[in-house]
1. Restrict the search to region 226-322; then list the chymotrypsin sites (Phe, Trp or Tyr not before Pro) that DSSP places in a loop and that have at most 16 other Cβ atoms within 10 Å of their Cβ.
2. Find, to one decimal place in angstroms, the Kirkwood hydrodynamic radius of region 219-331, where the mean of 1/r is taken over every pair of different Cα atoms and then inverted.
3. Could you pull the Cα extents of region 143-279 along its three principal axes, largest to smallest, in whole Å?
4. Counting Lys and Arg as +1 and Asp and Glu as -1, what is the net charge of the other residues whose Cβ lies under 12 Å from the Cβ of Trp357?
5. How big is the antiparallel share of DSSP beta bridges in the chain, given as a percent to the nearest 5?
6. Considering only Cα-Cα distances, which of the following residue pairs are longer than 22 Å: Lys155/Lys211; Lys96/Lys289; Lys70/Lys406; Lys211/Lys291?
7. Using the per-residue mean of other Cβ atoms lying within 10 Å as a proxy for protection, in what order, highest first, do the peptides 344-357, 303-316, 81-94 fall?
8. Considering only the other residues whose Cβ falls under 14 Å of the Cβ of Arg67, what net charge follows from Lys and Arg at +1 and Asp and Glu at -1?
Amino acid sequence: MGILHAMDERKSGSSRAATVFIALITLLTLAALYALRFEHPTVGPKVNPSARPIVPIVELWLSTADRRLKLIRQPDIEMSARGSLPTDVVIDVRKKYQTMVGFGAAMTDSSAWLLQNKLNALQRGALLHELYGPSPNLNLNMMRLTIGASDFSLKPYTLDDIPFGQVDPQLLHFNVTSNLQDVIPTVREVLSIDPGLRIIASPWSAPAWMKTSTNLIGGELLAQYETTYADYLVKYLDIYRGYGIPIFALTLQNEPGFIPITYPGMEMPAATRARIIAQYLGPKLASRKPKTGILEWDHNWSQPEQPLSVLAGPDVARYVDGVAWHCYEGSPYAQGRVHRAYPQKDAYITECSGGDWASSVNGELLWFSRDLLIAGIRQWARGVVYWNLVLDEKHGPHFGGCDACKGVITIDSHTGAVTRNDEYYALAHFSRFVLPGDVRVESTATDKGIDNVAFQSASDGSIVLVMVNSNADARRVSVAEGQTRFEYTMPPQSVATFVWNPGQAGAWVRRVLSWLRR
C-alpha cells in the first residue's frame, strides 16, 4: 500500500508539472501575440528603415595550366552595386542565343574495351558514375559511337562483313556481335546512370562489298548501294534500340573528305551525301518515333562550303537537323558562317582530340577551354563531344590512325590506375555547371586576353560564366550583370567558372548554402 501511495503522488506531481508547463507556454504565446499587436506611441512621423537588399554571392571554381589547381572551389566573391564604373565583361540575359544540349566524349571500341577489361565491376561503376553522374560529378550527358570500326578499334570490321566476292543487299548478315562484349554493355551501364544520354553515331566505312575499293580502307560507296547503305544505318538504329540504346542523331560518314590509308574510311562527296539524305535516309527516318536526327558533314571547320552546298538543296535541308564539326583544321568561325546562312540548323562539335604532340608540351587545358569550348559555343555549338573517352598509357589500343591521341581519362593497362587529363578539367568547367536546356546569353568580349562565355539556367535563372586567362601574368577583370558587378584577379593561365543567382530568393538560398558549407 505504501508503495502504491508513493506512485500515486509521483503521478499527481507529474500531472501538475505538465499542467503548469502548458499554462506557461500558453501565457508566453499570448504575450508574444500581444507584443506583435502593441505599438508604442511615437512623436512625429513613423520612419521605417530601408531594407538592405541581399547582394548575390559569386561561387568560383578554378583550374591552372600548371595543374596546381584542378577545378578547386575558391572563396566566394561579394557582388556590389554596379554603379557607373567601366566594366570588362557585361552580361545581358535579355539577349539569348542557342539552348545547350550538353558535353561528352566518344565511347570508342578502345574506350569500352579498356573499361571492361582493365577495371573490375566496382572500379568501372565508380568511374562511370564520376563521369556521367550529376554534379558534383563530371555530369557528361553526350556520347559518340562508331558504327563499325574506327582507328580506335582492336580490329577492322563493319556490321555486315561477308566473304570476299559476295554481296548482301538484303542485309541478312547484319549483326552487332563485335559490340556485345564491350560497347553495348558499357553504354547500357552509362544509361543506367543517365537515362537522358544523347548519343551521336557515325560510320567510318560501309561494308567492303558496298564500296568501289571492295575494302574497308579507301574507296567510295557504289551508287547502286546508296539505298542499301541507308537501310544499313536504319538497321543499326533498330538493333541498338532493341538493346535499350536510343540514338539521338546520325551522321552519314565520319570525315567524308578524308581517305585514311591505315584504318577504315570512305570518301563521300557532297552530292552523294545530299542524294542519300534526300532520297533514302531522310524519308526513312522522317516518320520514326522517337526521332533520330541527321547531322551533315562531320568533318573539319576548314571546309564550310561542304555543308553549305548540301543545305542549299531544299529537298535535302528539310531532313537535316544540324551540322557536325571537327576541330583539326580551320576555326570555329566556320560554324558561325553556316549558322548565319541557315540559322534553323543546329551546330555540334562531334570530334576533337588532344595528344602528346609538340604543341601540348605545356598542357592542353587552355586550348580546350578557350579554342574548343568557349569559341565553339560562342559560334553556336549546342554540344561539344571530345574524341576518345578513355585510352591507355600507350595512346591505344588502336588500329592505325593517331598514335599520340589522348583520352579524357587514361587507364594504365597494367595497374588499372586512372589519370584525369587536362581535357577532363576543361570539360568539367562546363559540364558540371551548364545543364541541358540552359541558354547561352550575351557577354561582351574583352581586350585583355581573357575569353569568356555565359549561360543562364533554365531551372532557377542562375548565371554561369566561364573565363580563360591565357596571359602569363595575373589579370584583374570586372563583370557586370543587371544592377550588380564584381571584380576578380584571374591567376596566370587559368580557367574559372563563376556561378551566381541574380534573383533575390536565389541569392538568399546560395548565401545560406555557402554559410552552411563554411
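No value in this document is a laboratory result; all are computed from the given coordinates. Bear in mind the structure is a predicted one, so any value in this text is a computation, not a measurement. In this analysis, Cβ positions are derived from the backbone assuming ideal geometry, glycine residues included, and neighbour counts consider all displayed protein chains.
1. On the way: sites: Tyr229, Tyr232, Tyr236, Tyr240, Tyr243, Phe248, Phe258, Tyr280, Trp297, Trp301, Tyr319; in loops: Tyr243, Phe248, Phe258, Trp301, Tyr319.
Within region 226-322, the qualifying chymotrypsin sites (Phe, Trp or Tyr not before Pro) (loop, at most 16 other Cβ atoms within 10 Å) are Tyr243, Phe258.
2. On the way: mean 1/r = 0.0686 Å⁻¹.
The answer is 14.6 Å.
3. Result for region 143-279: principal-axis Cα extents of 42, 31, 29 Å.
4. Working: positive: Lys406; negative: Asp356, Glu364, Asp403.
Here the count lands on -2.
5. On the way: 47 of 86 bridges.
The antiparallel fraction comes to roughly 55 percent.
6. Working: Lys155/Lys211 19 Å; Lys96/Lys289 30 Å; Lys70/Lys406 18 Å; Lys211/Lys291 29 Å.
Cα-Cα > 22 Å for Lys96/Lys289; Lys211/Lys291; rest within.
7. Numbers: 344-357: 20.6, 303-316: 17.7, 81-94: 13.9.
Ranking the peptides 344-357, 303-316, 81-94 by packing returns 344-357, 303-316, 81-94.
8. Values: positive: Arg68, Lys70, Arg420; negative: Asp66, Glu364, Asp422, Glu423.
Charge balance near Arg67 sits at -1.
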